[in-house]
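Before any comments, here is the structure.
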Amino acid sequence: MANLETKKLSTAIKVKILSRGLHFDSSALKVVNETVKEEHRGYDDSNWGIDGNIAIPSELMLPGEIVVCTHVRPDTNLSIRAKKGKLFIFEGQKILSTISYLSRPKIWEMRTSTNLNMKRIANFYGRDCLNFNIYSGCEFWDVGLPCKFCSVKPTQERYGEVEKKKDSQQIAEVVKAAFALNKPKINFILVTGGSYLNGDKEAKKMIEVLGAIQPLTPWKGKIRGNASLMPPKNFDLIDKLMSTGIEHPSFNLEVWGKNKFKDICPGKEKYRGWDNIIECYKYGVKKFGRGVFWCNFVAGINKLEKLEEGFAKMAELGVVPGANVFHPDIGAILGKEIKSPPEEYIIKIYRFAAKLYHKYKYLPFFNEKVLRNSLANEAYRGWL
């Protein structure tokens with residue numbers, strides 16, 4: 001078991017990576033083979049300057065089992081290099097730490113009953129969270145109103161590596177196979193709805209998929225993890241959503257402030273509405289309790305003080321706030337207009353979140369082996 005100093009050192013390195021990105025030396029890419037978990041381009045593409053035919057590791061595992069995403073940026077001073085059979089992360093010419101690549105999920109070697117490679121259906125988020133995106137697309141993009149940080153549609157058009165729409169039967173088949181293999185061991189499931197203009201349609205699809213997953217898990221009627229979707233107009237669907245056994249639904253606001261939301265997420269504002277999302281959270285908390293619902297943000301789009309305000313307001317409401325660190329995506333409207341936040345911002349926002357978690361007796365999302373773009377767990381445990 002890693003000691004406290006190892007956890008703290010790896011956490012500090014994760015902060016650097018999420019702020020600056022990294023690049024791979026050719027020596028580090030030579031050891032990327034069929035045993036290494038490569039990038040799964042089902043959501044976005046944050047690897048700048050990379051030929052699409054080159055296999056890039058999706059995440060790194062730092063000592064102490066702390067996972068971090070690989071965001072390739074050619075101009076960073078952080079690099080991954082191989083020396084004498086080991087992998088290291090360098091800052092300039094200084095070795096910061098050893099690192100390792102994650103093992104490729106065994107289900108990616110399998111095919112469904114309709115002969116689809118299971119990688120086209122499922123991802124693993126971090127090391128041990130089985131991940132499905134029901135609709136790897138976005139109807140807000142189709143009407144010219146996508147979230148400005150998002151690159152889901154350009155990524156699918158560029159690579160086409162996943163099935164754009166998955167049904168409950170396909171997902172259930174992969175879930176069954178994944179639990180049977182249990183390599184890697186599954187501790188959580190994350191299901192994302194994708195964005196439809198009709199919120200009730202999105203919720204019904206989510207309910208159908210979760211209903212198919214629930215009997216296949218070993219968690220006694222529960223689905224450990226998160227269902228991420230936009231709220232329906234019909235709040236009765238929230239009751240049906242909770243009846244599937246999902247532990248933590250989320251209706252992610254992404255940014256804090258009504259005007260900022262309208263600017264950054266124009267489709268969500270037009271077809272769901274800030275006020276409706278907040279009312280849905282209030283309904284959920286009143287009916288199902290505090291600390292059940294999650295709300296994720298993108299750390300780095302709001303100013304620090306404004307995002308802290310959003311965290312505090314949601315926590316007071318009974319919702320667990322969290323954030324992924326902003327990373328510039330290829331094809332997103334923002335592009336490189338905004339950089340990832342500086343290290344000081346990252347440290348402050350997650351320390352602030354940790355204080356709220358302890359104050360309200362909330363737990364951060366998932367764990368440090370899963371949250372590759374967040375330091376919520378590290379801060380909560382006192383490693384940041």
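A few comments on the model shown:
- Annotation note: of Asp167, Asp200, the sole residue that is within 24 Å of Asp44 (Cα to Cα) and more than 20 Å from the chain's Cα centre (by Cα) is Asp167.
- The set of residues from segment 89-104 being more than 23 Å from Pro184 (Cβ to Cβ) and either surrounded by 17 or more Cβ atoms within 10 Å (Cβ to Cβ) or of a type in the set (Ser, Thr, Tyr) (or both) comprises Phe90, Leu96.
- Test: residue in segment 206-214 that is under 20 Å from Tyr271 (Cβ atoms), over 19 Å from the mean Cα position of the chain (by Cα) and assigned to a helix (DSSP H, G or I): yes
- In segment 184-209, the residues that are charged (D, E, K, R) reach residues that are surrounded by fewer than 22 Cβ atoms within 10 Å (Cβ to Cβ) and part of a strand (DSSP E or B) with C-beta atoms within less than 9 angstrom, at least six apart or across chains, in these pairs: Glu202/Tyr135; Lys205/Tyr135.
Listed here are the residues, each with its yes/no results for (1) out of contact with any strand residue (DSSP E or B) (no Cβ under 8 Å at 6 or more places or on another chain); (2) crowded, with 18+ Cβ neighbours inside 10 Å; (3) assigned by TED's automatic domain parsing to the domain that holds Trp48.
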| residue | (1), (2), (3) |
| --- | --- |
| Gly289 | yes, no, no |
| Asn302 | yes, yes, no |
| Lys306 | yes, no, no |
| Glu316 | yes, no, no |
| Val320 | no, yes, no |
| Asp329 | yes, yes, no |
| Ala354 | yes, yes, no |
| Val370 | no, yes, no |
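- Identity of the residue in segment 237-250, surrounded by 16 or more Cβ atoms within 10 Å (Cβ to Cβ) and not aliphatic (A, V, I, L, M), that ends up nearest to Pro364 (Cα to Cα): His248
- Residues that are buried (at least 18 other Cβ atoms within 10 Å of the Cβ), assigned to a loop (DSSP other than H, G, I, E, B) and touching an Asp or Glu at 6+ places or on another chain (Cβ under 9 Å) within segment 215-236 comprise Leu229, Met230, Pro231, Pro232, listed in sequence order.
- Note on segment 350-375: among residues that are under 14 Å from Lys14 (Cβ atoms) and of a type in the set (A, V, I, L, M), the one that is farthest from the chain's Cα centre (by Cα) is Leu375.
- A single entry from Gly291, Gly284, Gly310, Gly273 fulfils the requirement of being on the phi > 0 side of the Ramachandran plot and in contact (Cβ under 8 Å) with a residue 24 or more places away in the chain: Gly291.
- Filtered residues of segment 188-213 (kept if surrounded by fewer than 20 Cβ atoms within 10 Å (Cβ to Cβ) and over 23 Å from Ser243 (Cβ atoms)): Leu197
- In summary, Ile54 fulfils each of the numbered conditions (1) surrounded by fewer than 16 Cβ atoms within 10 Å (Cβ to Cβ); (2) part of a strand (DSSP E or B); (3) of a type in the set (A, V, I, L, M, F, W, C) with the single exception of condition (2).
- In a residue-by-residue description of segment 140-155, the property of being outside the structural domain of Glu59 (by TED's automatic domain parsing), surrounded by fewer than 15 Cβ atoms within 10 Å (Cβ to Cβ), not acidic (Asp, Glu) and not in a loop (DSSP other than H, G, I, E, B) applies to no position.
The values are calculated or read from the model by the stated rules, or taken from the named source; none is laboratory data. Quick caveat: nothing in here was measured; it's all calculated off a predicted structure. Cβ: placed from backbone, ideal geometry, glycine included. Neighbour counts: every protein chain shown.
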